[in-house]
1. Are there any pairs, at least 6 apart or on different chains, whose C-beta atoms fall under 8 Å, with the first in the range 213-237 and within 16 Å of the ligand (Cβ to nearest atom) and the second at pLDDT below 95, and if so, which?
2. Do we have any residue at all in the range 155-176 that's free of Cβ contacts under 8 Å to residues at least 40 places away in the same chain, within 13 Å of the ligand (Cβ to nearest atom), buried (at least 18 other Cβ atoms within 10 Å of the Cβ) and under 17 Å from His211 (Cβ atoms)?
3. Which condition breaks for Thr78 when tested against (1) at pLDDT below 95; (2) within 16 Å of Tyr18 (Cβ to Cβ); (3) not hydrophobic (A, V, I, L, M, F, W, C)?
4. Check Val63 against each of (1) without any contact (Cβ under 8 Å) to a residue 60 or more places away in the chain; (2) touching a Ser or Thr at 6+ places or on another chain (Cβ under 7 Å); (3) under 18 Å from Ala93 (Cα atoms) and name the one condition it does not meet.
5. Does Cys99 satisfy the criteria of being over 19 Å from Leu210 (Cβ atoms), more than 15 Å from the ligand (Cβ to nearest atom), of a type outside the set (Phe, Trp, Tyr) and in contact with a strand residue (DSSP E or B) (Cβ under 7 Å, 6 or more places away or on another chain)?
6. Of Pro82, Pro98, Pro109, which residue is under 27 Å from Glu222 (Cβ atoms) and touching a helix residue (DSSP H, G or I) at 6+ places or on another chain (Cβ under 9 Å)?
7. Kindly list the number of the only condition in (1) over 23 Å from the mean Cα position of the chain (by Cα); (2) within 14 Å of the ligand (Cβ to nearest atom) that fails for Thr107.
8. Counting only residues that are farther than 30 Å from Ile278 by Cα, surrounded by fewer than 22 Cβ atoms within 10 Å (Cβ to Cβ) and out of contact with any Ser or Thr (no Cβ under 7 Å at 6 or more places or on another chain), how many does the range 9-55 have?
Amino acid sequence: MDYIVNGGKKLCGSLDVYGAKNCALTLLAATILTDEEVVLTNCPQIVDVDNMLLLLSAVGKRVRRVGNVVSVRGAPTTAEVPRDIACLLRGSALLLAPCLARCGAVTLPLPGGCAIGARPMDIHVDGLRAMGVDVVDNGDSLRCVGKSHGTNYSLRFASVGATENLICAAASGVGEFVLSNCALEPEIVALTQMLVQMGAHIDGVGRSTLHIVGCGKLHGTEFHVIPDRIVAATYLSSVIASGGELILRNCVPSHFAAFAQSVCDNFTFRHTQTEAYIRVKRQPRGYGHIVTAPYPAFHTDMQSQVLSLAALSRGRTYVTERLFENRLRHNCQMLQRMGAEISLLGDTARVDGRRLYGAEVTSADLRGGAALVVAALGAEGTTVVHDEGHISRGYVGFADALCSVGADIHTS
Ligand code: EPU
């Protein structure tokens, strides 16, 4: 799909934030840990979630969706994860521990998703091996056999996906587990909360060290997917790029506090626990030095959006990407096509903000694609963003939502 954006229109109005992709994906994978029904509400209707539902069906789960409510039940019948679907999304990696727990063995083709870096799975593998699982790396797939047994394990890096897999392995394993240096992302808190509701014994929810007593099979529950903080940050970035004012409903501002502090505080910005309001009259003199790092620091999934904003500002910004080695380069090049003044040195972009102009650009990943639309909203003239289906993997009706508050975007 192409997004044809006529820039320079002020945005004004209110937008609702929907359920978070990365929360829905990990919760859906965890439904495998029980045969009983798990009902997820606020589950976003996006391509990555559709593909995760296909993966669940492929391993034998019975899946039903009515609007934003998804019900999953039944025992998994196979632990051969189909390659043709697994390669479409990174979230397929999250099936590893749940399928292993229920089937005693699993073959997982290496997952796909955004090409933003090498994205190895060594921490997932190392953690499972520490739990006594036999893991063979076949180059393009992982074969795991065995049950996870209690151990103390410290992740060498607070990987989101590895934390999620190891929590599932421990909750459904045998014995006592202490997992330290766990990632702290809100999706992980949501996962542990849902597992506790399903009968798991987990102490330390929301902290980097978790004490977990394995309890085998869990039971059914109902859980509400948390609002998507990246969608919230993208909507806020859109109004910052174009000017105007926006009320954001159904969001959790504490989940994007680092973004709000570094970016939104340059403007009139107020929030409650579930809503945010921003008014943007003029661009700031840059955003200082933004450095991505695990939660609660500045989130890598908001880096591309802030790069676009920096390019539109009236001053200098440095943007350093510390998580994914290929996440800066492509958008720097695309923004340069729009007239941006950017130089890239290693993992840091130096951006001298100025007026941007419409151009033809292509998105290379989900957040990067959305960020190019953000830049286009603040640019003069018409920008065509060629998107190979990246944006719809994580955003519901992206163009329609922005048009509802005054943007001029056509899709073709
Ligand atoms: N890493 C390793 N070894 C591992 C696992 C990770 O070296 O075994 C490295 C990665 O290469 C990367 C860093 O650790 O440099 C962080 O990776 P992490 O495992 O935390 O990321 P992920 O689980 O693959 C999830 C989200 C991403 C988000 C990151 C960071 C899902 C499905 N994806 O990926 O979301 O950027 O956490 O917060 O949950 C997106 O939504 O657009 C997206 C890319």
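The values are calculated or read from the model by the stated rules, or taken from the named source; none is laboratory data. Remember, it's a predicted structure, so these values are computed and weren't measured experimentally. Counting neighbours? That spans all protein chains shown, and the Cβs are built from the backbone with ideal geometry, glycine included.
1. Every condition considered, no pair remains.
2. The answer is yes, given that some residue of the range 155-176 is free of Cβ contacts under 8 Å to residues at least 40 places away in the same chain, within 13 Å of the ligand (Cβ to nearest atom), buried (at least 18 other Cβ atoms within 10 Å of the Cβ) and under 17 Å from His211 (Cβ atoms).
3. Tallying (1) at pLDDT below 95; (2) within 16 Å of Tyr18 (Cβ to Cβ); (3) not hydrophobic (A, V, I, L, M, F, W, C), Thr78 fails exactly one: (2).
4. Here Val63 clears every test but (3).
5. Details: over 19 Å from Leu210 (Cβ atoms): yes; more than 15 Å from the ligand (Cβ to nearest atom): yes; of a type outside the set (Phe, Trp, Tyr): yes; in contact with a strand residue (DSSP E or B) (Cβ under 7 Å, 6 or more places away or on another chain): yes.
When the stated conditions are applied, Cys99 passes them.
6. Numbers: Pro82 fails: under 27 Å from Glu222 (Cβ atoms); Pro109 fails: under 27 Å from Glu222 (Cβ atoms).
Result: Pro98 is the single residue among Pro82, Pro98, Pro109 that is under 27 Å from Glu222 (Cβ atoms) and touching a helix residue (DSSP H, G or I) at 6+ places or on another chain (Cβ under 9 Å).
7. (2)
8. Residues flagged as farther than 30 Å from Ile278 by Cα, surrounded by fewer than 22 Cβ atoms within 10 Å (Cβ to Cβ) and out of contact with any Ser or Thr (no Cβ under 7 Å at 6 or more places or on another chain) within the range 9-55 amount to 6.
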